1. Can you pull a Stokes-Einstein diffusion coefficient for segment 394-488 at 4 °C (1.567 mPa s), Rh from Kirkwood over Cα pairs, as a whole number of µm²/s?
2. Between Gln382 and Arg195, what's the calculated FRET efficiency when r is the beta-carbon distance and R0 is 56 Å? Round to 0.05.
3. Evaluate the Kirkwood expression for the hydrodynamic radius of segment 335-404, namely the inverse of the mean inverse distance over all pairs of different C-alpha atoms, and round to one decimal in Å.
4. I need two numbers for segment 290-400: Rg to one decimal and Dmax as a whole number, Cα atoms only, in Å.
5. Against the empirical 2.2 N^0.38 Å scaling, what ratio does the C-alpha Rg of segment 341-500 come to?
6. Hey, how many Å between the Cα centroid of segment 373-443 and the Cα centroid of segment 310-347?
7. For a protection proxy built on the mean count of beta-carbon atoms within 10 angstrom, sort 261-267, 378-384, 406-412 highest first, please.
8. Across 10 Å bins from the origin, how do the percents of Cα pairs in segment 302-360 run, short distances first?
Amino acid sequence: MTSLASTIAADIQPIRPSSIPAKLGLALGLAALADWLFYGERIGLSLTLFAVATACVSMLFNHAALDLRRAMTGAAILVAGLVPAMEELNTLSFLILVASLTIALLLATNPETTELPGRARALRNFFLLGPFRFFLEALQVFNMSGFTRGVALWLMPAVLGTVFIALFAAANPVIEQWVSLLNPQVIVEYVSVWRLLFWTMMLALVWPFIHVRWRRSTSVPATVADDPVPPPLPSLVSAEFLGPSTILRSLILFNLLFAAQSVLDGIYLWGHAALPTNLTYAAYAHRGAYPLIATALLAAAFVLVAMRPGGPAEKSTVIRPLVYLWVGQNVLLVASSILRLDLYVDIYMLTYWRIAAFIWMALVALGLILIVARIALDRSNQWLVGVNLIALTIVLYSCSLVNFDAFIADYNLSHSNEISGKGLNIDANYLLSLGPQALPALDKVIAHRSNDNCLVSGRDRLVEVQRRDLAWRAWGFRSWRLQRRLDAEAKNPPGHQPAG
């Protein structure tokens, strides 16, 4: 293993990044040519054409190392190797073609090897290590500062931007239609795992012919030769991943994406413009509430990481206004989510989960505002966590004092078709599941459904539960207030005196 590692390290020499883009472009071109000639097709003359194309591309990039006499000899060997493959392609002619192509490359580009043993070792290394050089040198190029910096600068904006687009598409049917116009299904149908593996294999095979690297003969001390250690690859420039340049690019892209979503909400949600065909306001409202909250939470997490105290972006006079703008758009996004949920509740009534969603959305909006306060007041994340915990405590304590059962029952009844004349009919089974606090609302429903014996029997069961709650061991102030309300309504029935 040590010998193999040393051989690879010696064979992979430092490369100039300036020539890599052109070489990689032509390597992809050869892979595309191989796809057209070979993939899913019977191979014959196509292999000869591909060998000629590979030899031409190799000569293009290695002409500086060519010696005319050696190049002519290599060309003659290549032509001789092409003849059997043109006559008939079989295993033997294939091996002859490959051998002639590599020998021609060796003669034309490696003048240092003149003896048979040296040429044999060079060809051995070429066949054994050549297919792996593409991956090793790709890693080497990736670790070069300029290339890595470019990838790092755009990796986060691209990844998070794609995530935000996916969330917006899940939340907004209009954006979903726009994304569908890209028709990614065509790409999915054309690209397959086997085709990707084929392209990868072809890149690995043609790369040694394009980026020729023969191992140089060097004299080294015996002590070093006994225990060769390959040089470590340079480390990634990880500081660029969350540096000011990356954050700036991310904020510009994210502000544009969020502005598009906000404009659509302004047109369709707030402005009540006509929606596209086959799309109702209920569907538009229901689709958006929860994905948009997930988007706001992800945005808040990004702001906390990017604008961390002491970070390089915290004091930037360019980044801070973009952060304020983006957080403002997120607050608007949460407001749109609240409106969406409110429109949905108007149609499909209120439930515990929908009340929880309203409260959760308000807390998210408050958290976003507190993030801006932390940045503007130059506070720590510990301060931010503490203030959010205080807000959460106040909200939870307030919720413990609210009679949500009665509130949901009264709201759904007042917005039902039985009372308001519009909307859905009241869900009596859901009212029964709310418990005794829904009894006043149930009495009004029974007044409109005098023949609903199941509802009457369910109401009687709740009355029995309420009576048990009035025992001193189970007594609660809320149950006592409910009983007073029931007694008052019993004295002034709404038109029908229910049993019990």
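Quick note: the coordinates plus some simple rules give every number you see, no bench work behind them. Quantities reported herein were computed from a predicted structural model and do not represent experimental measurements. All Cβ positions, glycine included, derive from the backbone under ideal geometry; neighbour counts span all protein chains shown.
1. Once the numbers are plugged in, D ends up at 92 µm²/s.
2. Values: r = 52 Å, r/R0 = 0.93.
That gives a FRET efficiency of 0.60.
3. Details: mean 1/r = 0.0736 Å⁻¹.
That comes to 13.6 Å for segment 335-404.
4. 15.4, 49
5. Working: Rg = 20.3 Å, N = 160, 2.2 N^0.38 = 15.1 Å.
That works out to 1.34 for segment 341-500.
6. Taking the Cα centre of segment 310-347 as reference, the centre of segment 373-443 is 24 Å away.
7. Details: 261-267: 17.9, 378-384: 13.3, 406-412: 20.0.
By packing density, highest mean first, the sequence is 406-412, 261-267, 378-384.
8. P(r) for segment 302-360, in whole percents per bin: 20, 34, 20, 19, 7.
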